[in-house]
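Peer 1: To start, I am sharing the structure in question, which I have written as structure tokens.
Computed from the coordinates by the stated procedures, all read-outs in this text should not be read as laboratory data. Since this is a predicted model, take the numbers as computed values, not measurements. Counting neighbours? That spans all protein chains shown, and the Cβs are built from the backbone with ideal geometry, glycine included.
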Amino acid sequence: MKEGYVPQDQRKKILLITDDIRLPSGVGNVGKDIVLNTAHRYNWVNLGGALKHPDQGKRFDLSQDVNKEMEIEDSQVVVYPSSGYGDPVLLRNLLSIEKPDAIFLITDPRYFTWLFQIENEIRTKIPIVYLNIWVDYPAPAYNKEFYESCDALLGISKQTVNINKLVLRDKAESKIIDYVPHGINTKYYFPVNKDDQQLVDFKKHLFGGRDIEFALLFNSRNIRRKQIPDTMLAWKYFIDQLPQEKADKCTLVLHTQPVDEHGTDLIAIRDYIFGPDSQAITFSSNRLPVNMMNLLYNSCDAQILLTSNEGWGLSLTEALIVGNPIIANVTGGMQDQMRFVDDKGNWFTPNADIPSNHTGRFKKHGKWAFPVYPSNRSLVGSVPTPYIWDDRCRAEDAAERIMEVYNMSKEEREEAGLAGREWALGNESGFTAKVMGERVIKNMEELFNTWQPRERFSFINANDYSPDVVNHKLLY
């Protein structure tokens, strides 16, 4: 029997609103791993979103699949598919039918504006928990109402925890705010012996039978902030420094959509920078099941992610668990995974005086990490998110880090990668699905033991108002 087991009829029920946990999206996978690793403790109902969901209006019972996966006997997990994340009518119906004890949210807060607008109705009966993330500073005062609408804020990155506290100010004292980083299922991601026949066959297919000595992997969406063109440019700068016979044995694997309206035409960039017949770029555009994703990571020597705004960077975590070094822009939650050390010798934790290490203040980091420090910060925004820093690094600097990894022997790269894996699996970071589940349980139990229903009405003195002004350093 699993530690902390509670019989099904005695468990609290939680309504999880996020992507459909049966689908292979990033937040869907996170939601699924949370459900799997807490199903012995809570009953779960997933209002599962997707774009134009083909199963909308249906109900699926996943309990037997969860029982088999987690080796338990009495889980209760159901999914209500939805096109989008619901609306007040659908939510009220679910609350009436399923009678959950809490609501648990995952994804961007703007998708839940409709829910936060009725929080005074919801929180008179049950609490709202938000597994949240924010990609960069200045601390977003425009998210304040969202954060105030929640009873517990679980920050995926250390930066997010700091942002929650900065934005809420004195109201943070009435909330549960804790660090709950993404965790990877180690059953599916792990190092594979290089002589394993499945891996040999996979690499043969991936590289078209070519003799590749150094492969760098990019695995994420083709959207603007991922800076894939800069990644390709850095790769060009790198291979141009090699003798031709060496360059021919190197390839950048782009596991993404080659063309996407939210990003760009990567094939056109490949053709223009490298030539249409170049094999310096290897496209991997098909969705792969998790076992083949593990083979993809194991086929490459390192992972690269130069995103200018990145809340976490899940592909870096997967690479660490597999045992690969990581090359990453120093921004957002990617900093957590590089384990920067502050001037007191501790794992860097952001605060109001030093909100981020994107300035390169701290240079010491894990041996598995090859950071690329941004060369500039640009203040950008949109109407719903008026201001946010865009941390841009130079392709030339990224090329230097690629060369640094390339110049290591395979044994040195393996040693660095395995050091990252050991740390990611350890108690300090705990970047595993099991630990993520334990952290969720800890915070949910604290919430259930201390939560007080919201009053039906609040009286606000309209004259007692002061505008939010940035309360952390902008230069540091």
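Peer 1: Based on the inverse mean of 1/r over its pairs of different Cα atoms, what is the Kirkwood hydrodynamic radius of region 197-425, in Å?
Peer 2: Details: mean 1/r = 0.0553 Å⁻¹.
By the Kirkwood definition, the hydrodynamic radius is 18.1 Å.
Peer 1: Run lengths n ≥ 4 of DSSP H only: what is the helix-derived mean residue ellipticity at 222 nm for the chain, with -39500 (n - 2.57) per run over all residues, to the nearest 500?
Peer 2: Details: 17 runs with 157 residues, N = 476.
The helix-only estimate for the chain comes to -9500 deg cm²/dmol at 222 nm.
Peer 1: If you scale each eigenvalue of the Cα gyration tensor by 5 and take the root, what three semi-axes come out for region 275-321, rounded to whole angstrom and sorted largest first? Let's see the in-between values first.
Peer 2: Working: eigenvalues 85, 56, 23 Å².
Calculated on Cα positions only, the semi-axes equal 21, 17, 11 Å.
Peer 1: Ordered by packing density, taken as the mean number of other Cβ atoms within 10 Å over each peptide's residues, highest first, how do 105-113, 423-431 rank?
Peer 2: My ranking of the peptides, most packed first, is 105-113, 423-431.
Peer 1: Can you pull the one-decimal nm distance between simple spin-label points at Glu213 and Arg361, each 7 Å off the Cα toward Cβ?
Peer 2: 4.2 nm
Peer 1: Here's something else I'd like to know. Measuring from the lowest to the highest alpha carbon on each principal axis, how far does region 383-476 reach, largest first, in angstroms?
Peer 2: Over region 383-476, Cα extents along the principal axes are 66, 36, 24 Å.
Peer 1: Could I ask something else about it? Output wanted: per-residue J couplings in Hz (rounded whole) for region 353-368, from phi through Karplus 6.51 cos²θ - 1.76 cosθ + 1.60, θ = phi - 60°, x for Gly and Pro.
Peer 2: 7, 10, x, 8, 9, 5, 7, x, 4, 9, 9, 7, 7, x, 5, 7
Peer 1: Rounded to the nearest Å, what's the spacing between the alpha carbon centres of region 154-209 and region 275-346? Just the number, please.
Peer 2: Each part's Cα centre sits 10 Å from the other's.
Peer 1: So which helices of the chain fit the span-like rule, where a helix is a whole DSSP H run, its Cα atoms reach 20 Å or more along the axis, and its mean Kyte-Doolittle is at least -1.0?
Peer 2: Values: long enough: 410-425 (22 Å, -1.19); 433-450 (26 Å, -0.32).
Helix filter hits for the chain: 433-450.
Peer 1: Rank these for me by crowding, Lys236, Lys473, going from fewest to most other beta carbons within 10 Å.
Peer 2: Starting with the residue having the fewest Cβ neighbours, the order is Lys473, Lys236.
Peer 1: Next up: Which of the pairs Lys2/Lys158; Lys32/Lys187; Lys165/Lys187; Lys12/Lys125 have their Cα atoms more than 24 Å apart in this structure?
Peer 2: Going by Cα-Cα distance, Lys2/Lys158; Lys165/Lys187 fall outside the 24 Å limit.
Peer 1: Let me ask you something else. Looking at Cys393, Trp423, Leu379, which one has the Cα that reaches farthest to the positive end of the dipole of region 355-476 (charges on Cβ: Lys, Arg +1; Asp, Glu -1)?
Peer 2: Value computed over the given set: Leu379.
Peer 1: Let me ask something additional. Taking the dipole about the Cα centre of region 197-425, with the C-beta of Lys and Arg at +1 and of Asp and Glu at -1, give me whichever of Cys300, Phe348, Gln197 is farthest to the positive side.
Peer 2: Towards the positive end, the residue furthest out is Phe348.
Peer 1: Continuing with this model, one more query. Determine the percent antiparallel among the DSSP beta bridges restricted to region 197-425, to the nearest 5.
Peer 2: Working: 7 of 25 bridges.
Here the share of antiparallel DSSP bridges comes out near 30 percent.
Peer 1: What is the distance, in nm, between label points placed 7 Å from the Cα along the Cα-to-Cβ direction at Ala172 and at Gln244?
Peer 2: In this crude label model, Ala172 to Gln244 measures out at 5.9 nm.
Peer 1: Give the long-range amide H neighbours of Ile14: residues separated by 5 or more places, or on another chain, with amide H under 5 Å away, using H modelled in the peptide plane at 1.01 Å from N.
Peer 2: Those lying under 5 Å, H to H, from Ile14 are Asn43, Trp44, Val45, Asp101.
Peer 1: Extending each Cα 7 Å along its Cβ direction at Glu98 and Ala352, get the distance between those two points in nm, one decimal.
Peer 2: The answer from the label model is 3.9 nm.
Peer 1: Moving on. So if I place +1 on the C-beta of Lys and Arg and -1 on the C-beta of Asp and Glu, and nothing else carries charge, what would the dipole magnitude of region 36-166 be about its Cα centre? I want it in debye, nearest 20. Provide the component values of the computation, followed by the final result.
Peer 2: Values: 13 positive and 17 negative charges, 61 e Å.
For region 36-166, the charge dipole is close to 300 debye.
Peer 1: Just for the chain, what percent of DSSP beta bridges are antiparallel, to the closest 5? Don't skip to the end; give the middle numbers.
Peer 2: Values: 9 of 59 bridges.
So the antiparallel bridges in the chain amount to around 15 percent.
Peer 1: Treating cross-link reach as a plain straight distance, find the lysines whose alpha-carbon is under 19 Å from the alpha-carbon of Lys203, omitting any fewer than eight places away in the same chain.
Peer 2: Within the straight-line cut-off, Lys203 pairs with Lys194, Lys246, Lys249, Lys410.
Peer 1: Quote the charge dipole size of the chain about the Cα centre in Debye, to the nearest 20; the model charges only the Cβ of Lys and Arg (+1) and of Asp and Glu (-1).
Peer 2: Around 540 debye, computed over the chain.
Peer 1: May I pose another question? List the GluC sites (Glu not before Pro) within region 244-330 that DSSP assigns to loop and that have no more than 11 neighbouring Cβ atoms inside 10 Å.
Peer 2: When the GluC sites (Glu not before Pro) of region 244-330 are filtered for loop state and at most 11 Cβ neighbours within 10 Å, Glu261 remain.
Peer 1: Any idea what the dipole of region 197-425 comes to, in debye rounded to 20, about its Cα centre with Lys/Arg Cβ at +1 and Asp/Glu Cβ at -1?
Peer 2: Numbers: 25 positive and 30 negative charges, 64 e Å.
Once rounded to the nearest 20, the dipole reads 300 debye.
Peer 1: Of Lys249, Lys52, how do they rank once you tally other Cβ atoms within 10 Å and put the fewest first?
Peer 2: Least crowded to most crowded, the residues run Lys52, Lys249.
Peer 1: Per the Debye formula with a single identical scatterer at each Cα and no solvent contribution, what log10 I(q)/I(0) holds for the chain at q = 0.09 Å⁻¹?
Peer 2: -0.63
Peer 1: How many angstrom separate the Cα center of region 401-419 from the Cα center of region 66-132?
Peer 2: Cα centres, region 401-419 to region 66-132: 44 Å.
Peer 1: Let me ask you something else. For a Förster distance of 35 Å, can you work out the FRET efficiency between the beta-carbons of Phe459 and Glu261, rounded to the nearest 0.05? Spell out each step's value before the answer.
Peer 2: Working: r = 48 Å, r/R0 = 1.37.
That gives a FRET efficiency of 0.15.
Peer 1: Can you compute the FRET efficiency between Tyr387 and Glu73 using 1/(1 + (r/R0)^6), with r the Cβ-Cβ distance and R0 = 51 Å? Round to the nearest 0.05.
Peer 2: Using R0 = 51 Å, I get an efficiency of 0.50.
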